[in-house]
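The values are calculated or read from the model by the stated rules, or taken from the named source; none is laboratory data. These figures come from a predicted structure and were not determined experimentally. Cβ atoms come from the backbone with ideal geometry, glycine included; neighbour counts cover every protein chain shown. Only protein heavy atoms, including side chains, enter the accessible area calculation; ligands, DNA and RNA are left aside. Shrake-Rupley method; radii C 1.70, N 1.55, O 1.52, S 1.80 Å.
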Amino acid sequence: MKIGLKHLVLTTALAGVTAPAALAQDNPFIRGRYTAVTDRTQPEYDPLPIVMGGFDVSAALGVSAEYNDNVLATQNNQTSDTVIRIQPSVEAHSHWSSHQLNAGVSVDHHQFLNEESETTTDYNAFVGGRLDMTREVQFTGRASVGHVTEPRYEPAASGAPEPAEYDVYGADLGTVLRRDRLQLNVNVGSEEFNFNNFYSYRDVTNTYVAARGSYAISPDVAVFVQGRSTDENYDTPGTALVPSRDGTLTSFQVGTSFELAAPFRGEIAIGTNKEDKKSPLLRDIDGFSADANVTWFATQLSTITFRANRSVFDPGITQVASATATRLGVRVDHELLRNLLLFGDLGYTKYEYDGTGYDRQDKFTDVSVGLGYKLNRHARIEASYQLHDQDSTGVNADPGRQNVDQNVFSIGLRVFP
């Protein structure tokens, strides 16, 4: 895993050119006028962090039981199972007057009682920080390592003897430069994905440079332009029959961030995605991109969040190196009682595959409802129901997943020291 030298040089050059000459009195890019239901402080029920010197340490342990009526996400010969899920986590955050350092580790273990080959243990560990040169000049850094398991309904897992699991290593360096109503964010980084043996053709290192320039029209509204270029370097070399998946993915967007008296808060950006594959046997992509996340603080007791995204990704199947994903969703959080939070989430996703002569679309509808009941500062009960509905259409539609339903019921306890 490495970060390209030319990207680091570019970042340093931009920082030198745009460094501000004076300090601003206020930051018009900070949003925080409203508080979401899930973020509202409740002293009698909120866990208290452990203070260790200049750090606040938070820890939790979740234990739950899930019933899944279609573990392998298949259309026929469905298999059900009970899953014991164990989720410990710990995070430390500095509370210094300037600069910042944080680190954390989380684990998510799925123990299948019957289908033991589906048992997985995911984890994530990170360390990051911020160096405040002045109030207007900051440098950031982050490094992470993780192990991730894809859901069985993702396209690469169809007919596979095991779930798609991968290790991911990431590193990122950034700078934030602000002067009056102008702000520049620049980041360079790299992510390395190493899959288990059955999916080794998906091993890739993505090296990227990203930048955003923002202008604050007022303390509540800013406009921005942003771009990102990612070099996709796959470990598996191309052959006459299986071309290399190497390429360059570039995106450019214009957008706005806001916090209005309506009351709404969020970001909306639209633009283009362009992926150029090095192999002439693979199709290039040039299309519309979008990112949106808008929260409506409907009442003191209800928060509604709308989200949308359109982006390019590698679906992980051998016949197609790229696909376009369109995702839409809405989530409602409601405080029924001071210690009882309810939620509902509705999501829609469409995969459009961009292989030459490959005719297929996958559509997913996901519905989830649940609750969190706070017993006290040290414990809360969590329960949920999730429905995943999937349709695959087209000449090359997955024959085993043209119509798939999966129901998951869960109940558990989360404790805090």
Practice problem: Looking at (1) modelled with pLDDT under 50; (2) within 28 Å of Leu260 (Cβ to Cβ), find the lone condition where Leu14 falls short. | Solution: (2)
Quiz item: When the range 204-239 is examined, which residues are found to be in contact (Cβ under 8 Å) with a residue 40 or more places away in the chain and not in a strand (DSSP E or B)?
Solution: Pro219, Asp220, Gly238
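Report whether or not Asn102 is among the polar types (S, T, N, Q), open to solvent by less than 40 Å² (accessible area, probe 1.4 Å) and modelled with pLDDT of 95 or more.
Values: among the polar types (S, T, N, Q): yes; open to solvent by less than 40 Å² (accessible area, probe 1.4 Å): yes; modelled with pLDDT of 95 or more: yes.
In short, yes.
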Quiz item: Among the residues of the range 222-231, is there at least one that is of a type in the set (A, V, I, L, M, F, W, C) and farther than 25 Å from Ile30 by Cα?
Solution: no
Self-check item: Single match in Tyr348, Tyr358 (criterion: in a strand (DSSP E or B), open to solvent by 20 Å² or more (accessible area, probe 1.4 Å) and hydroxyl-bearing (Ser, Thr, Tyr))
Solution: Tyr348
Quiz item: Filter the range 18-75 for residues that are aliphatic (A, V, I, L, M), open to solvent by 60 Å² or more (accessible area, probe 1.4 Å) and part of a loop (DSSP other than H, G, I, E, B); which is modelled with the lowest pLDDT?
Solution: Ala21
Quiz item: Hey, does the range 251-270 have a residue that's in contact with a Ser or Thr (Cβ under 6 Å, 6 or more places away or on another chain), polar (S, T, N, Q) and open to solvent by less than 70 Å² (accessible area, probe 1.4 Å)?
Solution: yes
Practice problem: Please indicate, with yes or no, whether at least one residue in the range 357-370 is modelled with pLDDT of 95 or more and of a type in the set (Phe, Trp, Tyr). | Solution: yes
Exercise. From (1) surrounded by fewer than 17 Cβ atoms within 10 Å (Cβ to Cβ); (2) modelled with pLDDT under 95; (3) among the small types (Gly, Ala, Ser), pick out the condition that doesn't hold for Gly129.
Key: (2)
Practice problem: Restrict the check to the range 169-183 and report whether at least one residue is under 20 Å from Val204 (Cα atoms) and of a type in the set (Asp, Glu). | Solution: yes
Quiz item: If we scan the range 155-167, do we find a residue that is part of a strand (DSSP E or B), more than 30 Å from Val225 (Cα to Cα), among the charged types (D, E, K, R) and within 23 Å of the chain's Cα centre (by Cα)?
Solution: yes
Quiz item: Which one is most open to solvent (accessible area, probe 1.4 Å), of the residues in the range 285-329 that are in contact with a Gly (Cβ under 6 Å, 6 or more places away or on another chain) and over 30 Å from Tyr358 (Cβ atoms)?
Solution: Asn293
Practice problem: Go through Ser229, Ser200 for me and flag whichever is among the polar types (S, T, N, Q), modelled with pLDDT under 95 and closer than 29 Å to Asp359 by Cα. | Solution: Ser200
Exercise. Output the residues belonging to the range 382-417 that are open to solvent by 60 Å² or more (accessible area, probe 1.4 Å) and β-branched (Val, Ile, Thr).
Key: Thr393, Val395, Ile411
Practice problem: Tell me which of these Leu342 doesn't satisfy, since it passes every other one: (1) open to solvent by less than 50 Å² (accessible area, probe 1.4 Å); (2) in contact with a His (Cβ under 7 Å, 6 or more places away or on another chain). | Solution: (1)
Quiz item: Name the residues in the range 158-178 that are touching a helix residue (DSSP H, G or I) at 6+ places or on another chain (Cβ under 9 Å) and open to solvent by less than 30 Å² (accessible area, probe 1.4 Å), would you?
Solution: Ala160, Pro163, Ala164, Gly174, Thr175, Leu177
Quiz item: What about Leu337, is it open to solvent by 30 Å² or more (accessible area, probe 1.4 Å), under 30 Å from Leu413 (Cβ atoms) and in contact with a strand residue (DSSP E or B) (Cβ under 6 Å, 6 or more places away or on another chain)?
Solution: no
Practice problem: Please indicate, with yes or no, whether at least one residue in the range 285-298 is in a loop (DSSP other than H, G, I, E, B) and touching a residue at least 12 places away in the same chain (Cβ under 8 Å). | Solution: yes
Practice problem: Scan the range 377-391 for residues that are assigned to a strand (DSSP E or B) and touching an Asp or Glu at 6+ places or on another chain (Cβ under 8 Å) and jot them down. | Solution: Gln386, Leu387, His388, Asp389, Gln390, Asp391
